[in-house]
Amino acid sequence: MKTRAAVAVAAGKPLEIMEVDLDGPREGEVLVEVKATGICHTDEFTLSGADPEGLFPAILGHEGAGVVVDVGKGVTSLKKGDHVIPLYTPECRQCPSCLSRKTNLCTAIRATQGQGLMPDGSSRFSIGKDKIFHYMGCSTFSNFTVLPEIALAKVNPAAPFDKICYIGCGVTTGIGAVINTAQVEEGATAVVFGLGGIGLNVIQGLRLAGADMIIGVDLNNDKKAWGERFGMTHFVNPKEIDGDIVPYLVNLTKRGADQIGGADYTFDCTGNTKVMRQALEASHRGWGQSIVIGVAGAGQEISTRPFQLVTGRVWKGTAFGGARGRTDVPKIVDWYMDGKIEIDPMITHTLTLDDINKGFDLMHAGESIRSVVVY
Ligand code: NAD
Ligand code: 022
Ligand code: ZN
């Protein structure tokens, strides 16, 4: 069949909207009509050419929602008409990682996904004889796409596509980091560095978990109102305080008789390795946990004094909020439908596929929290 798609033809060039060829689903695969897709930072990272693993030409996009239009042989968990969210972290429930219960990083299709290919080693996308690569196993910047069955979460059909697409990455990553990775308890203190599309979801995850003190840190004062909107209790702009942010935050979080200070949980949502260090060191001696969510540029390294860890702080990282997609994503959709979490105000811009490059411009300018393309 033919489908309209935004094709990343080469690094550093705008996406080109065109008709491409799409082969039908093979065994274990599903054809999905994408109804809406968010534009997220890794799409931009790959398109810019900064991603050493980026492949071209490719169809980017990994934050979508849509409807099943056809299933390949052997597909049992999905049928035509089901509403789905693509998963860049699949859940096969059979590989050693899935069976371990210790990680969400399913390995079933990892090798081919990283090569921009379907599990059988081929691509479903082409223009004439020229192959186009898939991206993060999703390629949601195409009106129709093919995914493995294990990379699709079946969700409540009453949920609006133009909102729940955000659950395909940002919402689940932020809320999941709080609930799954940090396992924040009621009454906890927390610091969130970077109040963008991820940090704001960490904040609403902390509110959901019942955290007492939710401190947001951002260089941009416009983010104060955004943070407060989702449950932030204190805001700090590092540019507006005297001296180092770490002692400032430690002082701000002093509680109890010993007056040691430091937050129970801190989250890096910037991707800046200097901030990752600040986040670790602003966590509480003896038990503070610091969660790295931000993805740093290729080749970057983090550092701290071993003393920070010897005295009981824990440095952790999280991919897709530690969520097991087929199990957890439908629950998060239900939380949204039940009003337990908010999404609508964070979707600041809605675009057509023809205007998708404007979404990248808005992200560059820091003007959007999330831009969503509606097909
Ligand atoms: P964003 O650009 O919307 O937000 C980043 C925020 O950080 C901005 O508000 C910016 O002003 C602020 N900031 C920048 N430098 C800062 C500093 N030194 N101190 C304090 N604040 C600072 O980005 P986003 O969409 O929220 O994504 C954040 C990061 O999360 C990115 O690196 C992204 O790739 C990553 N991410 C990771 C996962 C995962 O599974 N681990 C999933 C999605 C996104
Ligand atoms: C999503 N991300 C950033 C913004 N939006 C993002 C990027 C990378 C990861 C997670 C989220 C990530 C963390 C760890 C891994 N990835 C490796 C997982 C593994 O090796 O099993 C990651 C993922 C997918 C891809 C590359 C890296 C890919 O499909 N190309 C989950
Ligand atoms: Zn993303």
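Rule-based calculations on the coordinates, nothing more; no lab input. In this text, all values refer to a predicted model and were calculated from it rather than measured experimentally. When we count neighbours, we look across all protein chains shown, and the Cβ atoms used for this are built from the backbone with ideal geometry, even at glycine.
Which value, in debye to the nearest 20, gives the size of the charge dipole of the stretch 1-100 about its Cα centre, when Lys and Arg are +1 and Asp and Glu are -1 at the Cβ?
Numbers: 9 positive and 15 negative charges, 63 e Å.
Its charge dipole is roughly 300 debye.
Can you tell me which lysines have their Cα less than 27 Å from the Cα of Lys163? Leave out same-chain residues fewer than eight positions away.
Lys2, Lys35, Lys79, Lys80, Lys154, Lys223, Lys224, Lys331, Lys340, Lys358
How much net charge surrounds Gly54 when only the other residues with a Cβ under 15 Å from the Cβ of Gly54 are counted, with Lys and Arg +1 and Asp and Glu -1?
Values: positive: Lys13; negative: Asp43, Glu44, Asp51, Glu53.
Residues near Gly54 contribute -3 overall.
Arrange Met213, Met18 by Cβ neighbour counts within 10 Å, fewest through most, would you?
Met18, Met213
Sorted from fewest to most neighbouring beta carbons within 10 Å, what does the list Val9, Val146, Val30 look like? Could you put the intermediate results ahead of the total?
Values: Val9 14, Val146 22, Val30 26.
Fewest to most other Cβ atoms nearby, the residues stand as Val9, Val146, Val30.
By average Cβ neighbour count within 10 Å, what is the ranking of 169-181, 236-248, 290-302 from highest down?
169-181, 290-302, 236-248
Stretch Thr103-Val310 to full length: gain in nm at 0.36 nm per residue minus the Cα-Cα span?
72.1 nm
Please compute the contact order of the chain in relative form: average sequence separation of alpha-carbon pairs under 8 Å and at least six residues apart, divided by the residue count, as a percent.
18
To the nearest 20 debye, what is the magnitude of the charge dipole of the chain about its Cα centre, counting +1 on the Cβ of each Lys and Arg and -1 on the Cβ of each Asp and Glu?
800
Excluding same-chain residues fewer than 8 positions from Lys274, which lysines have a Cα within less than 18 Å of its Cα?
Lys239, Lys316
Express as a percent, rounded to the nearest 5, the fraction of DSSP beta bridges in the chain (both residues included) that run antiparallel. Intermediate results must be reported in sequence, preceding the final value.
Details: 34 of 60 bridges.
Taking every DSSP beta bridge with both residues in the chain, the antiparallel ones total about 55 percent.
Mind sorting Ser100, Ser139, Ser368 by how few other Cβ atoms lie within 10 Å of their own Cβ, fewest first?
Ser100, Ser368, Ser139
Using a Gaussian network model on the chain with a 10 Å cutoff between Cα atoms, which of Arg101, Arg110, Arg313 fluctuates the most?
Arg101
Local charge sum around Pro25 (other residues, Cβ-Cβ under 14 Å, Lys/Arg +1, Asp/Glu -1)?
Summing Lys/Arg as +1 and Asp/Glu as -1 gives -3.
How many nm separate the modelled label positions at Thr348 and Ala365, each set 7 Å beyond the Cα in the direction of the Cβ?
Going from the Thr348 label point to the Ala365 one covers 1.0 nm.
Net charge near Ser303, counting Lys/Arg +1 and Asp/Glu -1 over other residues with Cβ under 10 Å of its Cβ? Provide the component values of the computation, followed by the final result.
On the way: positive: Lys274, Arg277, Arg305; negative: Glu301.
After counting each charged neighbour, the total is +2.
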